[in-house]
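Colleague: One structure, pasted below without further comment.
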Amino acid sequence: MATSLVDKAASLLPSSNPRLCPNHRSRDEIPYTQLQVREIAKSQSRPNLSLGKDYTRVDFSSAFLSEAYESCRHLCSEYAKTFYLGSLLMTEERRKAIWAIYVWCRRTDELVDGPNAIHMTAAVLDKWEERLEDIFSGRPFDMLDAALAHTVQKFPLDIKPFRDMIEGMRMDTRTCRYQNFEELYLYCYYVAGTVGLMSVPVMGIAADSLASIQRVYDAALNLGIGNQLTNILRDVGEDGLRGRVYLPQDELAQFGLCDDDVLSRKISDRWKEFMKAQIRRARFYFKEAEEGASQLDKASRWPVWSSLMLYREILDEIENNGFDNLTRRAYVGRGKKLLMLPLAYTRSFLRTSSARIVSRTSLKINFPLPTELLAVALIGSQQF
């Protein structure tokens, strides 16, 4: 069997254990997440994905749909500003669909991490999954559900990654510690890798793509894994205050650390070395996501590259803060975000895997930017 990406990522960490790959095995010893990606990629590559025998196609009024998607747009622009700005260059149909998916994912996440999370029970997640089934059956509960139901009618979306995200929320209610990276990786797949898999049919793969469909889906998964690992590293201090440690326990031990070191909020040399290793791993997954990001439909690449570059900047900020993510929360300032937009736009047109990485200091933009990009940059200057 070929070496898995998790095995490759493991080589970035000092360890006496050469294997840190998922042990959730299925057919022919294929890692669970790899199996899911293959099945989802195959399913969502069918132009006329069956909606199921119980599906009821609903003809929503144009006024109702307009209001539903506008509500999704507002939420996306409020809580995911950089991604939202990138989505404005997508076709109208695609950007509305990606807003609907974003809103469903946000609402799902807020069940566990939102203001009403204290009332979370297994029964609530079961009910939410029933609502998901209703959405995919053409029976939306509210206006925001209706936007996703309409998106399901327009694009070949498989329900599997949506169900898996809900399973990730269940993990969050049951688990406060992860013994090793194989457990954490599966959690990252459930809560973030799934987002990439949901998005590929909407983003579209370029007709002249240099990569296979499977590789594009693998890249989407890797971007989600990288994003979630970055979220974890950014929020270590805040999560610790809530009694949660999303760091592999065995790797903490390898560096002579334990939960007490996280909860004490003291930055030691051992902590800094541990963080350097964790950041290297997150960057590894971003690197693996690059090629697939550049094989998407041309109008869809920019928001993906914006997200990729923004999250890389968060890792840079953790380093700039002296690896203090216990008492400080790394964030990317307004100026850097604005500068990132044209850089991400330019990088999205470099299609070869050997293309060098665009950075703030290395890139010279020496061609006219499209009017649409300048307009989006103007909107961004008013939002950030």
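Colleague: Look through Glu167, Glu133, Glu129 and report the one residue that is surrounded by fewer than 21 Cβ atoms within 10 Å (Cβ to Cβ) and out of contact with any Lys or Arg (no Cβ under 9 Å at 6 or more places or on another chain).
Modeller: After ruling out the rest, the residue left standing is Glu167.
Colleague: Would you tally the residues in region 258-283 being open to solvent by 10 Å² or more (accessible area, probe 1.4 Å) and either in contact (Cβ under 8 Å) with a residue 60 or more places away in the chain or more than 25 Å from the chain's Cα centre (by Cα) (or both)?
Modeller: Final tally of qualifying residues: 15.
Colleague: Identify, from the list Leu229, Leu252, the residue that is assigned to a helix (DSSP H, G or I), open to solvent by less than 30 Å² (accessible area, probe 1.4 Å), among the aliphatic types (A, V, I, L, M) and over 30 Å from Ala299 (Cβ atoms).
Modeller: So the residue among Leu229, Leu252 that is assigned to a helix (DSSP H, G or I), open to solvent by less than 30 Å² (accessible area, probe 1.4 Å), among the aliphatic types (A, V, I, L, M) and over 30 Å from Ala299 (Cβ atoms) is Leu252.
Colleague: In addition: Just the residues that are in contact (Cβ under 8 Å) with a residue 40 or more places away in the chain and over 20 Å from the mean Cα position of the chain (by Cα), please, taken from region 205-237.
Modeller: Ala206, Ser209, Leu210, Ala211, Gly237
Colleague: Within the set of pairs 6 or more residues apart or between chains, which connect a residue that is at negative phi and open to solvent by 10 Å² or more (accessible area, probe 1.4 Å) inside region 145-161 to a residue that is outside any helix (DSSP H, G or I) and charged (D, E, K, R) with Cβ atoms less than 8 Å apart?
Modeller: Close Cβ pairs satisfying both conditions: Gln153/Arg57; Pro156/Arg46.
Colleague: Search region 37-65 for residues that are open to solvent by less than 40 Å² (accessible area, probe 1.4 Å) and pair each with any residue that is assigned to a loop (DSSP other than H, G, I, E, B) and at pLDDT below 65 when their beta-carbon atoms are under 8 Å apart and the residues are at least 6 apart or on different chains.
Modeller: Matching pairs, first to second residue: Ser43/Leu49.
Colleague: I would also like to ask the following. Output the number of residues of region 131-173 satisfying the condition of being among the small types (Gly, Ala, Ser) and under 18 Å from Leu221 (Cβ atoms).
Modeller: Qualifying residue count for the region: 1.
Colleague: Using the structure shown, decide if Glu317 is charged (D, E, K, R), crowded, with 20+ Cβ neighbours inside 10 Å and more than 30 Å from Ser45 (Cα to Cα). Lay out the reasoning, then the answer.
Modeller: Numbers: charged (D, E, K, R): yes; crowded, with 20+ Cβ neighbours inside 10 Å: no; more than 30 Å from Ser45 (Cα to Cα): yes.
Answer is no for this residue.
Colleague: Name the single residue, out of those in region 187-226 being open to solvent by less than 20 Å² (accessible area, probe 1.4 Å) and in contact with a strand residue (DSSP E or B) (Cβ under 7 Å, 6 or more places away or on another chain), that is nearest to Glu92 (Cα to Cα).
Modeller: Checked region 187-226; the qualifying residue nearest to Glu92 (Cα to Cα) is Met203.
Colleague: Follow-up question, since we're still on this one. For region 104-126, how many residues meet the condition of being open to solvent by 40 Å² or more (accessible area, probe 1.4 Å) and assigned to a helix (DSSP H, G or I)?
Modeller: Step one: filter region 104-126 for residues open to solvent by 40 Å² or more (accessible area, probe 1.4 Å), giving 106-107, 109-110, 113, 115-116, 118-119, 121-124, 126.
Now drop any that are not assigned to a helix (DSSP H, G or I), which leaves 106-107, 109-110, 113, 118-119, 122-124, 126.
Qualifying residue count for the region: 11.
Colleague: How many of the residues making up region 255-273 are farther than 17 Å from Ile314 by Cα and not in a loop (DSSP other than H, G, I, E, B)?
Modeller: 9
Colleague: Just to verify a result, which residue in region 238-249, among those that are touching a residue at least 60 places away in the same chain (Cβ under 8 Å) and surrounded by 14 or more Cβ atoms within 10 Å (Cβ to Cβ), is farthest from Gly193 (Cα to Cα)?
Modeller: Gly240
Colleague: Here is a check on your reading of the model: is Phe286 crowded, with 21+ Cβ neighbours inside 10 Å, free of Cβ contacts under 8 Å to residues at least 40 places away in the same chain, at negative phi and assigned to a helix (DSSP H, G or I)?
Modeller: Working: crowded, with 21+ Cβ neighbours inside 10 Å: yes; free of Cβ contacts under 8 Å to residues at least 40 places away in the same chain: no; at negative phi: yes; assigned to a helix (DSSP H, G or I): yes.
Spelling it out, it is not the case that Phe286 is crowded, with 21+ Cβ neighbours inside 10 Å, free of Cβ contacts under 8 Å to residues at least 40 places away in the same chain, at negative phi and assigned to a helix (DSSP H, G or I).
Colleague: Additional query: Looking only at region 15-73, which residues are part of a helix (DSSP H, G or I), of a type in the set (D, E, K, R) and modelled with pLDDT of 55 or more? Before you say what the answer is, go through the steps one by one.
Modeller: First, the residues of region 15-73 that are part of a helix (DSSP H, G or I): 27-29, 32-44, 62-73.
Next, from what is left, pick out any that are of a type in the set (D, E, K, R): 27-29, 38-39, 42, 67, 70, 73.
Hits for region 15-73 are Arg38, Glu39, Lys42, Glu67, Glu70, Arg73.
Colleague: If you check Arg177 against the conditions, is it within 30 Å of Asp316 (Cα to Cα), touching a residue at least 24 places away in the same chain (Cβ under 8 Å), surrounded by fewer than 23 Cβ atoms within 10 Å (Cβ to Cβ) and out of contact with any Gly (no Cβ under 9 Å at 6 or more places or on another chain)? I'd like the intermediate steps shown before the answer.
Modeller: Working: within 30 Å of Asp316 (Cα to Cα): yes; touching a residue at least 24 places away in the same chain (Cβ under 8 Å): yes; surrounded by fewer than 23 Cβ atoms within 10 Å (Cβ to Cβ): yes; out of contact with any Gly (no Cβ under 9 Å at 6 or more places or on another chain): yes.
For Arg177, the condition - within 30 Å of Asp316 (Cα to Cα), touching a residue at least 24 places away in the same chain (Cβ under 8 Å), surrounded by fewer than 23 Cβ atoms within 10 Å (Cβ to Cβ) and out of contact with any Gly (no Cβ under 9 Å at 6 or more places or on another chain) - is met.
Colleague: A further question follows. Taking the residues in region 320-355 that are open to solvent by 80 Å² or more (accessible area, probe 1.4 Å) and under 25 Å from Ala277 (Cβ atoms) as candidates, determine which candidate is modelled with the highest pLDDT.
Modeller: Filtering region 320-355 for residues that are open to solvent by 80 Å² or more (accessible area, probe 1.4 Å) and under 25 Å from Ala277 (Cβ atoms), the one modelled with the highest pLDDT comes out as Asn320.
Colleague: Which residue out of Lys81, Lys96 is surrounded by 21 or more Cβ atoms within 10 Å (Cβ to Cβ), touching a residue at least 40 places away in the same chain (Cβ under 8 Å) and among the basic types (Lys, Arg)?
Modeller: Working: Lys81 fails: surrounded by 21 or more Cβ atoms within 10 Å (Cβ to Cβ).
Answer to the check: Lys96.
Colleague: While we're looking at this one, here's another question. Which residues, taken from region 84-93, are hydrophobic (A, V, I, L, M, F, W, C), open to solvent by 10 Å² or more (accessible area, probe 1.4 Å) and in a helix (DSSP H, G or I)?
Modeller: Narrowing region 84-93 to residues hydrophobic (A, V, I, L, M, F, W, C): 85, 88-90.
In the following step, the residues that additionally are open to solvent by 10 Å² or more (accessible area, probe 1.4 Å) were identified as 88-89.
Hits for region 84-93: nothing passes.
The values are calculated or read from the model by the stated rules, or taken from the named source; none is laboratory data. Fair warning: this is a prediction, and the values are worked out from it, not measured in the lab. No Cβ is skipped: glycine too gets one built from the backbone with ideal geometry, and neighbour counts run over all protein chains shown. SASA here: full protein model, heavy atoms, side chains in, ligands and nucleic acids out. Shrake-Rupley method; radii C 1.70, N 1.55, O 1.52, S 1.80 Å.
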